[in-house]
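Take a look at this one; I'll ask things after.
Each reported figure results from applying straightforward, stated rules to the coordinates on display, with no laboratory input. Every value quoted in this text rests on a predicted model; they were computed, and no experiment measured them. Backbone-built Cβ (ideal geometry, glycine too); neighbour counts: all protein chains shown.
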Amino acid sequence: MSEVASSLQAFPAAEISSLPRAPQLAGVPPPRVLAVANQKGGVGKTTTAINLGTALAAIGEDVLIIDLDPQGNASTGLGIDRKSRSRSTYDVLAGEIALRDAIVPTAVPRLSLAPSTLDLTGFELEIGQSHDRALRLRNALAPLNASAPEQAHYAYVLIDCPPSLNLLTVNAMAAANAILVPLQCEFFALEGLSQLLKTVESVREQLNPDLTIHGVVLTMYDSRNNLSTQVVADVRQFMGSKVNDTVIPRNVRVSEAPSYGKPVLVYDLKCSGSEAYLRLATEIIQREKELRAA
Ligand SMILES: Nc1ncnc2c1ncn2[C@@H]1O[C@H](COP(=O)(O)OP(=O)(O)OP(=O)(O)O)[C@@H](O)[C@H]1O
Ligand SMILES: [Mg+2]
């Protein structure tokens, strides 16, 4: 049996209706939870989580990034060094602390982070047999916006997934309202996408009936390269209106920023990468408005 199938096995559809719903304070809606996922490595998941999160915060939204990758690249890229990660997403998934207690502020106003550590590599082995193994993150997120009024209430939660369709990614999909799929503008861009969509379908059937694909974000587009243009056309043909209008260009400033522990919007606000992530944030807010109105 595949890894994903065994993660999902214990959850017959009849149980879904009895899953806990987020308790709410009067007037405080639950956050929109977007999982940034693609099992392919190096396609721009972490870069998108960090910079979309920063752009949404710059526009005025309260944003939480959840680092669900043992590599911890989102944590490092936001300047949270390993010493400052005494409480991590592993502790949250292990049920040892509340999600609120793992959250640290970042240098960006309105942007917070739940950091990860290498401990997460043990999650599958240690938690993989428990009956609620696929719902740990969803359960941890449920009370997030129901805290005291003086604490931040998040409008968006972005989950940075590891490059695998493992139990961590299934947790993210089970907890999310929608998935954001970064696709790199390269020859094999669409390879593996059908496997990702199948996993989304299984999670929808067995754990999270309202899960949708929010959008496909094309990343590392190089206008000088004919192949990039062809990939954009192919992906638009295959995924239609799910593909975001905003395409993220390949831009050296984007790749330099993480080594300074800064989002590219802080490192160089005027570069083409920053401008693209600001456009993407505006587009996502607009899509959210349309979804809410529908
Ligand atoms: N628009 C861009 N322009 C230039 N470089 C980029 C761009 N987006 C991402 N990169 C670089 O590409 C590499 C992979 O990006 P990133 O780490 O975001 O991918 P990922 O999908 O999160 O990878 P992993 O699967 O390992 O988690 C990084 O070195 C990053 O700096
Ligand atoms: Mg990553």
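Say a site is exposed when it is one of the chymotrypsin sites (Phe, Trp or Tyr not before Pro), sits in a DSSP loop, and has at most 14 other Cβ atoms within 10 Å; what is then the longest site-free stretch of the chain?
Here the longest run is 1-186.
Could you size up the charge dipole of the chain around its Cα centre, putting +1 on the beta carbon of Lys and Arg and -1 on that of Asp and Glu, and report it in debye to the nearest 20?
With only Lys, Arg, Asp and Glu charged at Cβ, the dipole is about 460 debye.
Distance in nm between label sites at Val28 and Asp245, each 7 Å beyond Cα in the beta-carbon direction?
3.4 nm
Output wanted: per-residue J couplings in Hz (rounded whole) for region 102-118, from phi through Karplus 6.51 cos²θ - 1.76 cosθ + 1.60, θ = phi - 60°, x for Gly and Pro.
So the J values, rounded to whole Hz, are 9, 7, 10, x, 10, 6, 8, x, 6, 10, 10, 9, 9, x, 10, 9, 4.
Here's another thing I want to ask about it. Can you find, among Pro162, Val243, Ile127, the residue sitting farthest towards the positive end of the charge dipole of the chain, where Lys and Arg contribute +1 and Asp and Glu -1 at Cβ?
About the Cα centre, the residue reaching furthest to the positive side is Val243.
May I pose another question? How about region 213-266: which trypsin sites (Lys or Arg not before Pro) there lie in a loop by DSSP and see at most 15 other Cβ atoms within 10 Å?
Those that pass, being in a loop and sparsely packed, are Arg224.
I would also like to ask the following. In the chain, once you exclude exposed GluC sites (Glu not before Pro) (DSSP loop, at most 13 other Cβ within 10 angstrom), what's the longest stretch remaining?
192-294
Where is the GNM fluctuation largest for the chain (alpha-carbon springs, 10 angstrom cutoff): Leu167, Leu218, Leu196?
Leu196
Expressed as a rounded percentage, what relative contact order does region 152-294 have, with Cα pairs under 8 Å and six or more residues apart?
Reported relative contact order: 19 percent.
Give me the number: length gained by fully extending Ser255 to Ile59, i.e. 0.36 nm times residue separation minus the C-alpha to C-alpha distance, one decimal in nm.
Residue separation times 0.36 nm, minus the Cα-Cα distance, leaves 68.3 nm.
Pull out the extension gain between Arg82 and Gln230, defined as 0.36 nm times the separation in residues minus the alpha carbon to alpha carbon distance; nm, one decimal.
Working it through step by step, the gained length comes to 49.2 nm.
Among the listed pairs Lys45/Lys198; Lys83/Lys198; Lys83/Lys289; Lys198/Lys270; Lys83/Lys270, which have their C-alpha atoms separated by more than 30 angstrom in this model?
Too far apart for the 30 Å limit: Lys83/Lys198; Lys83/Lys289; Lys198/Lys270; Lys83/Lys270.
Tell me, in nm to one decimal, what length is gained between Gln286 and Lys198 on full extension, where the rule is 0.36 nm per residue of separation less the Cα-Cα distance?
29.0 nm
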